[in-house]
Amino acid sequence: MSKKTTVDIGRVGIWTGALDGHSTKVAQEAARQVEAMGYGALWIPEAVGRDPMVSAANLLSATTRLAIATGIANIYARDPMTMVAGQRTLAEAYPNRFLLGMGVSHAHLVQRVRKHSYDRPFSYMREYLEAMEKALFMAVGPEEDPGCVLAALGPKMLELAATQTSGAHPYFVPVEHTADARRIMGPSALLAPEQMVVLESDPSTARGIARKGMEVYLRAPNYVNNLKRYGFTNDDVTNGGSDRLVDAIVAWGGIDVAAARVKAHHDAGADHVCIQVLESDARAIPLEAWRSLASALLG
């Protein structure tokens, strides 16, 4: 039985890794604008940049209503007690506005970068969640457990997300995955997939921007193996991705195309869709694109 989150992230949010390329002051102003646009949540990642808990605190302090979610906090980066302490500290300071998303990340980031074993990631996550339940936290905490979500792709992790957490945050997935995730997790667990968007109508230009944004993920076996569950082949995932794969993962074209893809996720069972806008300058914060999308997605 899923544990309901107390955090209202709305139906549509923003996912971005661009904030790490800018000063905290600029990132805080971007969060204020996301809040003013009406999005329910701002999702931030963890890789080799800022600590997501500290960044979440900075973004929460600059806004008044916007939920901040981690997509995702790497469980190999902190032990269960530290993860609980960070979550509860933020949840007490900013009631019902911080959603902890956790995941096992990827072998290259865990083994080569962090020097941890990646032999049993699913078992490690299951044991990690059990340890979080028992973790000591002797400071003033939130009035209610805010819940958390897992980065989940395969059936076992989706089931774990549904039974031991508030739900799942799938990333780099086609709409068909959303339908399967809802079937596996049941009706009550939170389902919040990410959706890449390119606001460019020229096919060659749009797919070029999409491939640039996709390339790092096509080197990660977790994502590639998940795509193969949906009929994509080695040919689809090499050389930047086939047109068929690009079109399944990235909604490119006008605002109407992006809106239709978000609706498709909702129709397939998503409670929330966080959109990641890809542009030719990956370092830029795409404020104008977010603003353009808001009128169609939040009306």
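The values are calculated or read from the model by the stated rules, or taken from the named source; none is laboratory data. Since we're looking at a predicted model, the values are computed, not measured. Note that each Cβ is placed from the backbone with ideal geometry, even for glycine, and that neighbours are counted across all protein chains shown.
Quick look at the numbers
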{"quantity": "Residue, surrounded by the most Cβ atoms within 10 Å (Cβ to Cβ), within the stretch 223-242, restricted to residues that are part of a helix (DSSP H, G or I) and polar (S, T, N, Q)", "calculated": "Asn226"}
{"quantity": "Those residues of the stretch 79-114 which are at pLDDT below 95 and either touching a His at 6+ places or on another chain (Cβ under 7 Å) or in a helix (DSSP H, G or I) (or both), in sequence order", "calculated": "Ala107, His108, Leu109, Val110, Gln111, Arg112, Val113"}
{"quantity": "Only listed residue being surrounded by 18 or more Cβ atoms within 10 Å (Cβ to Cβ), touching a residue at least 12 places away in the same chain (Cβ under 8 Å) and among the polar types (S, T, N, Q), chosen from Thr64, Thr24, Thr16", "calculated": "Thr16"}
{"quantity": "Subset of the stretch 174-220 (residues that are hydroxyl-bearing (Ser, Thr, Tyr), under 20 Å from Leu158 (Cβ atoms) and in a helix (DSSP H, G or I))", "calculated": "Thr178, Tyr217"}
{"quantity": "Lone unmet requirement of (1) under 18 Å from the mean Cα position of the chain (by Cα); (2) crowded, with 16+ Cβ neighbours inside 10 Å; (3) closer than 17 Å to Gly208 by Cβ; (4) among the small types (Gly, Ala, Ser) for Gly269", "calculated": "(3)"}
{"quantity": "Residues located in the stretch 115-125, provided they are of a type outside the set (Gly, Ala, Ser), part of a helix (DSSP H, G or I) and either without any contact (Cβ under 8 Å) to a residue 24 or more places away in the chain or more than 11 Å from Ile75 (Cα to Cα) (or both)", "calculated": "Pro121, Phe122"}
{"quantity": "Residue check, Ala168 without any contact (Cβ under 8 Å) to a residue 40 or more places away in the chain, closer than 23 Å to Phe232 by Cβ and out of contact with any Asp or Glu (no Cβ under 8 Å at 6 or more places or on another chain)", "calculated": "yes"}
{"quantity": "Test result for Glu46, at pLDDT 95 or above and crowded, with 19+ Cβ neighbours inside 10 Å", "calculated": "yes"}
{"quantity": "Residues (under 16 Å from Ala73 (Cβ atoms) and outside any loop (DSSP other than H, G, I, E, B)) located in the stretch 12-45", "calculated": "Trp15, Leu19, Asp20, Ala41, Leu42, Trp43, Ile44"}
{"quantity": "Boolean, Val262 is under 17 Å from the mean Cα position of the chain (by Cα), under 30 Å from Gln164 (Cβ atoms) and surrounded by fewer than 20 Cβ atoms within 10 Å (Cβ to Cβ)", "calculated": "no"}
{"quantity": "Matching residues in the stretch 268-297 - criterion: being assigned to a helix (DSSP H, G or I) and either closer than 22 Å to Ala192 by Cβ or touching a residue at least 24 places away in the same chain (Cβ under 8 Å) (or both)", "calculated": "Ala268, Leu287, Ala289, Trp290, Arg291, Ser292, Leu293, Ala294, Ser295, Ala296, Leu297"}
{"quantity": "Considering residues of the stretch 18-50 that are out of contact with any Lys or Arg (no Cβ under 8 Å at 6 or more places or on another chain) and of a type in the set (D, E, K, R) only, the residue farthest from Cys274 (Cα to Cα)", "calculated": "Lys25"}
{"quantity": "Long-range neighbours under 6 Å by Cβ, at least six apart or interchain, first residue free of Cβ contacts under 8 Å to residues at least 60 places away in the same chain within the stretch 69-86, second surrounded by fewer than 20 Cβ atoms within 10 Å (Cβ to Cβ) and part of a loop (DSSP other than H, G, I, E, B)", "calculated": "Tyr76/Arg114; Tyr76/His116; Pro80/Ala135; Met81/Ala135; Val84/Ala135; Val84/Phe137; Ala85/Phe137"}
